[in-house]
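To keep things clear, I will list the structure first and then write my remarks on it.
What follows draws every value from the coordinates through simple rules; no lab data is involved. For clarity, every value in this text was computed on a predicted model and none was experimentally measured. Reconstructed Cβ throughout: ideal geometry from the backbone, glycine too, with neighbour counts over all protein chains shown.
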Amino acid sequence: MFRGGLLGALVLGISSCATELPSPVNQDQVTSSLVVGRVITVLTGERSRRYLPQMRFLELEDQDSQQRFQVEIESPDQHFAIDLPSGKYRLNRVQISEGPFMSMANLDMTFSVEAGVITHVGTWRFGVDSPRYGRMVVASVIADHAEAAGARDFLNDQYPTLDRRSIVERLPQPAQMEARLYEVMPYPRYSRYFRRHWW
């Protein structure tokens, strides 16, 4: 119990040090390079569950300055558009929610952002295990014609004044990786017997 509380306090402390970025960013606030992508979160195991997973936020880290950016998603399927300075970035942390339950995973997927253009980073798919001991999440990058067309439609709808900017594709590497999911406190006040997420 103490260890779980300590982990929760540590996570909250870490999250508070990151710059929060709304997504999509307002068109008038695009000052640097616009980064566009899509996040899909799915359950890969048992389907008969009351709460399905959705991405709560992504955390990106500037590899040179170590500045961290927390991108709010709050959806199982959402395009995102954020304003970032050019440079090399790492997707280093994700937080997933399932109703009142939250879990977090550390990742290491890098991509670059170019100045003066729109950087398309593809579709990021997160496959979440059903609750079990040693629960994992598989992160993979999808980039095909349908996803690129969806990104263009999203851009035309949300940012019509940026239609003359060049679009470059910079997909995170590695294109797929697996990571352990850890529960995040505070945990819902259910009796110990019903805490099926608590391992």
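List of remarks:
- Gain on full stretching of the segment that runs from Asp108 to Asn26 - 0.36 nm per residue minus C-alpha separation: 26.7 nm
- With each label modelled as a point 7 angstrom along the Cα→C-beta vector, the Gln173-Val138 pair spans 2.3 nm.
- Residues His120, His145, sorted so that the one with the fewest Cβ neighbours within 10 Å comes first: His145, His120
- With the highest mean first, a sort of the peptides 163-176, 80-93, 60-73 on other beta-carbon atoms found within 10 angstrom per residue produces 80-93, 60-73, 163-176.
- Note on Asp153/Tyr182: beta-carbon distance plugged into 1/(1 + (r/R0)^6) with R0 of 25 Å gives a FRET efficiency of 0.10.
- Gain upon complete extension [Tyr51, Gln66; 0.36 nm per residue less C-alpha separation]: 1.9 nm
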